[in-house]
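What follows is a short report on a single structure.
The values are calculated or read from the model by the stated rules, or taken from the named source; none is laboratory data. Computed from a prediction, not measured in an experiment: that's the story for all the values here. Cβ sites come from the backbone with ideal geometry, for glycine too, and all protein chains shown count toward neighbours.
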Amino acid sequence: MFVKTLSALLATAAVLGAPAVQAATEINFGLISTDTSTALRDRWQPVLDDMSKATGLTIKPFFASDYAGVIEGMRFNKVQVAWFGNAGAVKAVDLSNGEVFARTTYANGDPGYWSVMIAPKDSAIKSVDDVVKNPKAYTYGMGDPNSTSGYLVPNFYLWIANKIDPRKDFKASRSANHEANLMAVLNKQVDFAVCNTETLQLYNDQNAAKGKKWEDGVRVLWKSPIIPTDPIVRRKDLPEDVKKKIADFLFNYGKTPEQQAKLAKLSFGKFEPSSNKQLLVIRQLGLAGDKAKLEGDTVTPDAEKKAKLAEIDSKLAALDAEIKANK
């Protein structure tokens, strides 16, 4: 409902002729809803304040209730730069005139992060097989539909692979951000949920003074293949001088202990240059999921189904060739 309302409001603004990039002096920086808006603001605001001082631009955080709200915000030029997961970045590039220009890194040297399936530590669920054998017995906390680690990756590796529809085949399922899913497992509000290693580490960092760790109450049932670190996306039509100011800031940030401490609150190391090529493997996963779903479709006429499968195979072959060329 929120996204539909937001879309209507933004569309109206576009028709009325909203100024391009707010005269290129104000930048709305979109923050995907991995956590509450208050928590995100607390962690991101010090970095955005430093960005404002260094660039001379007014950098404002932009929050939405879900990932789609930030994608829509960029589409209608209410968001000019944004932190996305890889799956959300694909949508922003395809639908919102976006381009990947930077990516996050980790201070601990990890080249990426992982999606995880978690359950209460004392749960009778010991493995993915336990869930697959009797899905109707369990309540599931899934991620945002535009989340890489919360939806795309577990959907491909767990549910499509086991011919399970997470919206229909469990006793109940609900969609929430990573922090909410972790807390739901800790508080035994769901039988199991998806989360990611970023959120698990962040929980430990935030609760270190209390001596609390996620390991005290959570069991990891499954860990995905590695996922590339998060991209930073900008609108392609930003003025070149604005693009340069923001890029120069990001790629030079994190050199002082003070800056490193601010990034540490985000579980980040330095920012590095990137491009849309970062999304190629994620696109493969999405298409492979579409193919599996179509192959199991018993409603679409055979001729139409055959044509759609051929189109997907063609796109997968092109992506495979591009990935090999970029290795």
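Annotations for the structure displayed:
- Applying the criterion of at least 2 residues that are at pLDDT below 90 to the helices (runs of 4 or more DSSP H) found wholly in segment 1-85 leaves 2-15.
- Residue within segment 203-217 that is under 23 Å from the mean Cα position of the chain (by Cα), among the charged types (D, E, K, R) and crowded, with 16+ Cβ neighbours inside 10 Å present: no
- Pick from segment 53-70, criterion more than 23 Å from the chain's Cα centre (by Cα) and buried (at least 16 other Cβ atoms within 10 Å of the Cβ), ranking: nearest to Lys265 (Cα to Cα): Ala54
- Ala247 satisfies every condition listed in (1) out of contact with any helix residue (DSSP H, G or I) (no Cβ under 7 Å at 6 or more places or on another chain); (2) over 19 Å from Gly56 (Cα atoms) except (2).
- Among the residues of segment 296-327, the ones that are within 19 Å of Phe156 (Cα to Cα), within 27 Å of the chain's Cα centre (by Cα) and of a type in the set (Asp, Glu) come to 2 in all.
- Scanning segment 252-271 for residues that are among the polar types (S, T, N, Q) and without any contact (Cβ under 8 Å) to a residue 12 or more places away in the chain yields Asn252, Thr256.
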